[in-house]
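The values are calculated or read from the model by the stated rules, or taken from the named source; none is laboratory data. Everything numeric here is computed off the predicted structure, so don't read it as measured data. Here the Cβ positions follow ideal geometry from the backbone for every residue, glycine too, while neighbour counts run over all protein chains shown.
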Amino acid sequence: MNKSSILTRLTNSRVWRSFFRHGWPDNPLDRSLAMTSNLFFHLHPVKVSRKSLKWSYSFGLGIISSILFGVLVFTGILLMFYYVPSVERAYPTMKEIQLSVPLGQFTRNMHRWAAHAMVLAVILHMARVFYTGAYKPPREFNWVIGVILLLLTMGSSFTGYLLPWDQLSFWAITVGTNIAGYAPGVGDTVRQILLGGVEVGQSTLIRFYTLHIALLPTLVALLVSVHIWRVRKDGGLAANEVEER
Ligand code: HEM
């Protein structure tokens, strides 16, 4: 059997067809189907300008933020196998992860560094969008989604900070929630809701844990999907339009 007949048999097989809804991309139709039926390739518009493909236009900061979020979800799930969100067990389990779990120290550091890097990447991404004027119509909706993503990123960072339950986390959250308490009118209520009481304790830990591992990442995942879908629907990066004019 020659090479091309093996390829034809493979691409006509039912298993192949259930994964890829097109033939081997050796003709214009299958080539375009290969692009439009692939989730990642489909994120790009049909035509893109050279300027938007230049590294120095976006520095890939949006993609870098998305990848860091992926790293955080992956390493976060690994940490959840050991971490126990109770005031008696949180610190010892965190030490156990560092000292006796295989690759525990590495996983924890990956999680910590990726978290710091994500905050930085999202802020730089926002600055890039601002300086290239990409917040202007029709992208104003995506700018607003972006602002919510920034707040969610900060929220994830803040809630994660308490989880090691060491002196640094305890006092950082005490100071942070006290600052929230000074907001006019709603301050005291917000502080009480965050703490689940009058001071940082077990109720605070379980609230922060639930926000950190369930609510905030789910919202980030949903909004990042809408955000990237919107980039595609608005005709790709704003640089495309500048070149068309
Ligand atoms: C979790 C945080 C975020 C993620 C994962 C994310 C992801 C992305 C990606 C992948 C792109 C397309 C490629 C690129 O520009 O690098 C993009 C574009 C965009 N983002 Fe974000 N983003 C986030 C936060 C933000 C923030 C904080 C803002 C602004 C407040 C924002 C506003 C925008 C806008 C307006 C565009 C279109 C840019 C253009 O057309 O040139 N994003 N984002």
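Looking only at residues in segment 48-66 that are under 21 Å from the mean Cα position of the chain (by Cα) and part of a loop (DSSP other than H, G, I, E, B), the one that is nearest to the ligand (Cβ to nearest atom) is 60.
Rundown of residues vs (1) closer than 13 Å to residue 61 by Cα; (2) more than 8 Å from the ligand (Cβ to nearest atom), yes/no style:
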position: 114; (1), (2): no, yes
position: 117; (1), (2): yes, yes
position: 122; (1), (2): yes, no
position: 125; (1), (2): yes, no
position: 128; (1), (2): yes, no
position: 135; (1), (2): no, no
position: 141; (1), (2): no, yes
position: 152; (1), (2): no, no
position: 158; (1), (2): no, yes
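How many residues, within segment 220-237, are within 6 Å of the ligand (Cβ to nearest atom) and modelled with pLDDT under 90? Of the residues in segment 220-237, 0 are within 6 Å of the ligand (Cβ to nearest atom) and modelled with pLDDT under 90.
Taking the criterion of being free of Cβ contacts under 8 Å to residues at least 12 places away in the same chain, over 29 Å from residue 237 (Cα atoms) and part of a helix (DSSP H, G or I), the residues of segment 11-46 that qualify are 12, 14, 15, 16, 17, 18, 19.
Restricting 208, 106 to residues that are more than 15 Å from the ligand (Cβ to nearest atom), more than 30 Å from residue 55 (Cα to Cα), touching a Ser or Thr at 6+ places or on another chain (Cβ under 6 Å) and not basic (Lys, Arg) narrows the list to 208. Yes or no: segment 124-131 includes at least one residue that is modelled with pLDDT of 95 or more and of a type in the set (Lys, Arg). Checking segment 124-131: at least one residue is modelled with pLDDT of 95 or more and of a type in the set (Lys, Arg). For segment 80-98, a residue qualifies if it is surrounded by 20 or more Cβ atoms within 10 Å (Cβ to Cβ), in a helix (DSSP H, G or I) and touching a helix residue (DSSP H, G or I) at 6+ places or on another chain (Cβ under 7 Å), and the qualifying residues are 90, 97.
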